[in-house]
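See structure below.
The values are calculated or read from the model by the stated rules, or taken from the named source; none is laboratory data. Every value quoted in this text rests on a predicted model; they were computed, and no experiment measured them. Virtual Cβ from ideal backbone geometry, glycine too; neighbours counted across all protein chains shown. Areas reflect the complete protein model, heavy atoms only, side chains present, ligands, DNA and RNA absent. Shrake-Rupley method; radii C 1.70, N 1.55, O 1.52, S 1.80 Å.
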Amino acid sequence: MATFLKQGKTDQEKLEADTKVQEAVNGIIKDVEERGDQAVRELSEKFDKWSPESFRLSEEEIENAIAGLPDQVIEDIKFAQEQIQNFAQHQRDSIQDIEVETRPGVFLGHKNIPVNRVGCYIPGGRYPMVASSHMSILTAKVAGVDRVIACTPPSNGEIPAATVAAMHMAGADEIYLLGGVQAMTAMAIGTETIDPVDMIVGPGNAFVAEAKRQLYGRVGIDLLAGPTETLVIADETADVEMIATDLLGQAEHGPTSPGALITTSRNLADSLEEEIARQLKNLSTAEIAEQAWRDNGSIILVDNIDEAVKEADKLAYEHVEILTEDPNYFLENMTNFGALFLGPETNVAYGDKVIGTNHTLPTKEAARYTGGLWVGKFLKNCTYQRVTEEASVEIGKYAERLCDLEGFMGHKEQASLRVRRYEKKESNAVR
């Protein structure tokens, strides 16, 4: 039986916080809808102290930002983008168009068609999320998206040079220095100076995630990515230093980021709090990480590995690190997770920044029904059909009876018209 030795905020507390965010976001979206660029400018000035002549960066501004960066930064961005592009290309190559003859004269197929226009949000705020440029812009381009625009907020009133460099190198067609809900809304519904897109993607804070939720339907979205979640599953072969390091390493994302340990080891469960306290003394982001762990951390003691799988699937966390004797057991048996990190040699930071898998992943139990952002999210799987006259007669007779069964007489007549026409042609041909 699972025993919770520590537990984060209750569902009711989370609901109250979510309600306040929903109301604020709804007001901002309405404001941008009604007043367009003027609202965007006022909101940018209010939240980011940023009101340039144009939010879109010019080629000269982009070139200057890149020119001012050290060569090593450019090389590191290139390396990361090579890894993300390589894996994304393998994913794209695995998605094939098909056409099959399911019965004589009946040809069915599907085509994977890229979305035409995508807007990518690259978070800024507390941290410049350079890696999000690779994960969204570059992945969309690998998928074949024609027009990719991207928004990121200013950094203390300045252009975040490394982020802009990554956005440009990833293939963004337009770059806007604009953040928050106003950026998501401007991309989704358009303004006088920003043409609307068909889909918005990318991670962000609670307000950005809520904006995506409220804008969904007018545009497509990748998924609802909330605060970063990290679960470590460990047995007696793991060490507490690594567990604490990896939980705190993700807790620094923000004070609402949940972290959890599921373990079969009572010793690990009992010693984790002390180790976290020790490491917080030397962590430069301790103020954020400490609050995140205090308010949202969980320690769950289980009897065996099978119970660990069961509890992990209940949590359905975004990131799941496996520090057990047989990590592959979880790959074979777990069903609800955003991304798995198998064994002590890897960790969530690799996935977040450089290794090649995408870091935009499901949170808030969304891993029960979706995976993360990948090239397939930017593709529309569209079916088509083609039949011969002879096959149309055969299929038509079945369709007539099935439409009659449901009372759809107009549907039935579509089938009947073809049965009469093509059956007559067959009859004439025989004569």
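Observations, loosely collected:
- Counting only Cβ charges, +1 for Lys and Arg and -1 for Asp and Glu, the dipole size of segment 1-134 around its Cα centre is about 580 debye.
- Given charges at Cβ of Lys, Arg, Asp, Glu: segment 251-324 dipole, positive-most of TYR317, LEU280, ASN296: LEU280
- Heavy-atom surface of the chain, accessible at 1.4 Å and reported per residue (Å²): 50 Å²
- Convex hull volume of the C-alpha atoms in segment 223-349, normalised per residue: 96 Å³.
- Simple label model, 7 Å out from Cα along Cβ direction - ASN304 to ARG401, nm: 5.3 nm
- Helical mean residue ellipticity (222 nm; -39500 (n - 2.57) per DSSP H run of 4+; nearest 500) of the chain: -15500 deg cm²/dmol
- Extension reserve of the LEU224-GLU45 stretch, reckoned as 0.36 nm per residue once the Cα distance is removed: 61.8 nm
- Rounded tilt (10° steps) of 206-215 against the dominant C-alpha axis of the chain: 10 degrees
- Per-residue ³J(HN,Hα) for segment 155-170, Karplus 6.51 cos²θ - 1.76 cosθ + 1.60, θ = phi - 60°, Hz, x for Gly and Pro: 10, 6, x, 10, 6, x, 4, 5, 5, 4, 4, 5, 4, 5, 5, 6
- Rounded percent of accessible protein surface that carbon and sulfur make up, the chain, 1.4 Å probe: 49 percent
- Label of the coordinate-derived value, Cα Rg over 2.2 N^0.38 Å, listed as (1) 0.97; (2) 1.18; (3) 1.09: (2)
- The mean sequence separation of alpha-carbon pairs under 8 Å and at least six residues apart, normalised by the residue count of the chain, gives a relative contact order of 19 percent.
- The residue list ASN347, VAL32, ILE62 was ranked by how far each Cα lies along the charge dipole of the chain toward its positive end, using unit charges on Cβ atoms, and VAL32 comes out on top.
- Counting only Cβ charges, +1 for Lys and Arg and -1 for Asp and Glu, the dipole size of the chain around its Cα centre is about 2040 debye.
- The Cα center of segment 110-134 and the Cα center of segment 357-431 differ in position by 33 Å.
- Prolate/oblate/rounded call for segment 124-179, Cα gyration tensor, a/c under 1.5 rounded: prolate
- Positive-end ranking of THR139, ASN112, GLN182 along the dipole of the chain, with charges on Cβ about the Cα centre, is headed by ASN112.
- Using the Cβ-Cβ distance between SER94 and ASN116 with R0 set to 22 Å, the FRET efficiency works out to roughly 0.45.
- Segment 141-288, relative contact order in percent, only Cα pairs under 8 angstrom and at least six apart counted: 15 percent
- Shape analysis of segment 233-293 based on the Cα gyration tensor places the equivalent ellipsoid semi-axes at 20, 12, 8 Å, largest first.
- Counting 0.36 nm for each residue step from GLU23 to ASP239 and taking away their Cα separation leaves a gain of 73.4 nm.
- Global geometry of segment 1-78, whether rounded, prolate or oblate, following the gyration tensor of its Cα atoms and the 1.5 cut on a/c: oblate
- Among ALA225, ALA308, ALA349: highest mean-square fluctuation, GNM of the chain, C-alpha pairs under 10 Å: ALA349
- Geometric extent, Cα atoms of segment 258-302 - Rg, Dmax (angstrom): 11.0, 33
- Scaled against the 2.2 N^0.38 Å expected of a compact globular protein of N residues, the Cα radius of gyration of segment 33-184 reads 1.28.
- Shape call, segment 142-245: gyration tensor on alpha carbons, a/c limit 1.5: prolate
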